[in-house]
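Notes for the one structure printed next.
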Amino acid sequence: MTLGPLMVDLEGTSISETERKLLLLPEVGGVILFTRNFESVEQITKLVEEIHNIKSPRILVAVDHEGGRVQRFHEGFSRIPAAATYAKLAKTKDAQDGLQQSRQIAENAGWLMAVELRACGIDFSFAPVLDLAHGLSGVIGDRAFDSKPATVSTLAYAFMHGMNKAGMQAVGKHFPGHGGVVEDSHVAMPVDHRELEELLRSDIMPFENMIENKLAAIMPAHVIYDKVDEKPAGYSSFWIENILRQRFGFQGVIFSDDLSMEAAGIAGGFGERADAALTAGCDMALVCNHLDGAIEAAEYIKGYSNPTSQLRLVRMHGEHDISWSQLKQNEHWQQVSAQIVALNDSPELEMDV
């Protein structure tokens, strides 16, 4: 058996019989968890183990756990600050020392986020955000590290390096950049009117730099860049094949963003959406918050097989297994957790958004 090209979700804290049948389908290769799936560290660890044991190779289990406003699990987990915190910290110090210190703290935060998830068995988090903070997008806001491509690249690399040390691969999002539009693709169809060359000089630079530094996976944006292509990036073979695969030589995994989002509806029903994402070059398509839509998508792409995608996807399995009890006794975890959690309550680092 191989890893299928669909990532789906669960409605509660356990697996229903309908969901179990869905997960057993060869078209399904991943599960994304949300806050509604979490009750405690013990419960989420047991749930992840149950998902992993359903079939072989084990289903990938992921979560959006960036820090700041996007952290799905709280009770028992360290509170990770928003990405913008690290650049803000650098600005409170002398320029060179500040950036060096911020890089180390961003690396520690990436490690802390990843090692706690790995202690529950979760394979990876959809992080870090590589969008630029243009001051336009409310849905991005302080999820972005900074407005400067070089600073985003530096801090995101440090965060990724920390994740990798904990045994977790990183997913850079939202290619080629969601920060330049006001609209939220969860509820609208954003259109970015900039030319390709301008995007290459700005928003795309962190993605290019991270690809050069062995970024494992990328998630495209549900945004239309109408001067470049008429389709949203996640449905666009130009963005995925021509730019990511050919121009930048990216050989990692490409995950679609959630196909239940409003902007994804441009492709039609859930089956058509999954097919459009996979046809454009995505390796795995996400269908979240819509069980019937996930079942429809699995039926629509029945028999789909892409051996290259399957080879890419197996690399996303987590490594360096550690138990929660072992982690809590780890002196390095204790020190790093205290350091990172303290950033949330530092008056000088209060966010402007």
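Under 8 Å between Cβ atoms, which residue pairs at least 6 apart in sequence (or on different chains) link something in the range 286-308 that is basic (Lys, Arg) with a partner that is surrounded by 15 or more Cβ atoms within 10 Å (Cβ to Cβ)?
Within 8 Å, the pairs are 302/27.
Condition test on residue 189, is it in contact with a strand residue (DSSP E or B) (Cβ under 9 Å, 6 or more places away or on another chain) and under 30 Å from residue 322 (Cα atoms)?
Values: in contact with a strand residue (DSSP E or B) (Cβ under 9 Å, 6 or more places away or on another chain): yes; under 30 Å from residue 322 (Cα atoms): no.
No.
Starting from the range 231-245, take each residue that is in contact (Cβ under 8 Å) with a residue 60 or more places away in the chain and list its partners that are part of a helix (DSSP H, G or I) and of a type in the set (D, E, K, R), counting only C-beta distances under 8 angstrom and pairs at least six apart or across chains.
Qualifying pairs under 8 Å: none.
So which residues in the range 43-73 are in contact with a helix residue (DSSP H, G or I) (Cβ under 8 Å, 6 or more places away or on another chain) and farther than 22 Å from residue 316 by Cβ?
Hits for the range 43-73 are 68, 69.
Give just the number: which of (1) at pLDDT below 95; (2) crowded, with 16+ Cβ neighbours inside 10 Å does residue 262 not satisfy?
(2)
Within the range 184-204, which residues are surrounded by fewer than 20 Cβ atoms within 10 Å (Cβ to Cβ) and either under 19 Å from the mean Cα position of the chain (by Cα) or in contact (Cβ under 8 Å) with a residue 60 or more places away in the chain (or both)?
Selection gives 184, 186, 187, 188, 189, 202.
Let me confirm something: among 106, 83, which residue is surrounded by 16 or more Cβ atoms within 10 Å (Cβ to Cβ), aliphatic (A, V, I, L, M), in contact with a Pro (Cβ under 7 Å, 6 or more places away or on another chain) and more than 15 Å from residue 32 (Cα to Cα)?
Step by step, each of 106, 83 is checked, and only 83 is surrounded by 16 or more Cβ atoms within 10 Å (Cβ to Cβ), aliphatic (A, V, I, L, M), in contact with a Pro (Cβ under 7 Å, 6 or more places away or on another chain) and more than 15 Å from residue 32 (Cα to Cα).
Which of (1) under 26 Å from residue 292 (Cβ atoms); (2) modelled with pLDDT under 95; (3) under 19 Å from the mean Cα position of the chain (by Cα) is the odd one out, the single condition residue 268 does not satisfy?
Condition not satisfied by residue 268: (3).
Restrict the check to the range 106-123 and report whether at least one residue is over 28 Å from residue 42 (Cβ atoms) and of a type outside the set (Val, Ile, Thr).
So far as the range 106-123 goes, yes, one or more of its residues are over 28 Å from residue 42 (Cβ atoms) and of a type outside the set (Val, Ile, Thr).
Give the number of residues within the range 151-184 that are of a type in the set (S, T, N, Q) and in a loop (DSSP other than H, G, I, E, B).
1
Can you tell me which of (1) within 26 Å of residue 346 (Cβ to Cβ); (2) modelled with pLDDT under 95 is the one residue 83 doesn't meet?
Evaluating residue 83 over (1) within 26 Å of residue 346 (Cβ to Cβ); (2) modelled with pLDDT under 95 leaves (2) as the failure.
The values are calculated or read from the model by the stated rules, or taken from the named source; none is laboratory data. Note that this is a predicted model, so its numbers are computed, not measured. Positions of Cβ are backbone-derived with ideal geometry, glycine not excepted, and every protein chain shown enters the neighbour counts.
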